[in-house]
Amino acid sequence: MEDRLILMGVIGKPHGVRGQLRVHCYGEDPEVLARHVLVDSKGRHFALDWAHDNVAWLSAVSAGAKRRITDRDEAARLTNLELFLPRSVLPEVEEEEFYLTDLIGLAAHDETGAQIGRVANVLDYGAGASLELAPGGWLIPFTRACVPDVRIADGYVVVVPPAEVEAKEEAKEAGE
């Protein structure tokens with residue numbers, strides 16, 4: 001499996017006047033962000049030191065040197081910056097657990113075992129994760145009812161599309 005970048009946090013608004021920032025962490029353990037060099041979507045590297053709660057100091061990292069951001073205006077320009085970590089630095093998961101990113105690329109099988117597509121993406125807009133299947137662009141709620149079996153080691157998931165998805169696909173095939 002290639003070493004994907006995993007979205008681990010997003011920088012919020014500045015906190016105070018000395019460059020501290022609010023950081024929204026997407027992992028269970030916020031300390032993971034402080035233990036590793038983070039990267040943004042442009043390939044810039046950052047180090048984070050927690051001050052308290054969800055407030056941190058951020059440092060730009062280049063050629064192994066850190067430059068702490070101490071100016072509120074510079075910190076404000078980083079608002080909404082997404083922070084990523086390589087998948088390889090994240091802790092290994094327990095049996096029957098996985099990271100959502102590990103689902104991307106898996107084959108999607110129906111209940112009979114026939115392949116109906118691949119997991120193209122995992123989306124979460126706040127109401128729970130959904131699997132985007134390709135081809136077709138189906139969005140399948142990532143629930144036990146719709147995805148009853150996840151077999152990462154075997155390279156597939158079992159998908160039971162909800163009735164609405166099946167009805168929409170049948171209508172599309174009928175030319176309606």
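The values are calculated or read from the model by the stated rules, or taken from the named source; none is laboratory data. Bear in mind the structure is a predicted one, so any value in this text is a computation, not a measurement. FYI the Cβ positions are ideal-geometry reconstructions off the backbone, even for glycines, and counts take in every protein chain you see.
Please go through the range 104-142 and pick out each residue that is part of a loop (DSSP other than H, G, I, E, B) and polar (S, T, N, Q). 112, the sole residue that qualifies. Scanning the range 126-146 for residues that are more than 16 Å from residue 156 (Cα to Cα) and of a type in the set (Val, Ile, Thr) turns up nothing.
Scanning the range 75-100 for residues that are modelled with pLDDT of 95 or more and charged (D, E, K, R) yields a count of 2.
Looking at 85, 48, just one residue is in contact (Cβ under 8 Å) with a residue 60 or more places away in the chain, on the phi < 0 side of the Ramachandran plot and out of contact with any Asp or Glu (no Cβ under 9 Å at 6 or more places or on another chain), and that residue is 85. Candidates are the residues of the range 37-73 that are closer than 21 Å to residue 7 by Cα and polar (S, T, N, Q); the one that is surrounded by the most Cβ atoms within 10 Å (Cβ to Cβ) is 59. Checked across the range 118-135, the condition of being aromatic (Phe, Trp, Tyr) and under 16 Å from residue 38 (Cβ atoms) holds for no residue. Residues in the range 124-167 that are among the hydroxyl-bearing types (Ser, Thr, Tyr) and farther than 12 Å from residue 110 by Cα were compared, and the one that is surrounded by the most Cβ atoms within 10 Å (Cβ to Cβ) is 130.
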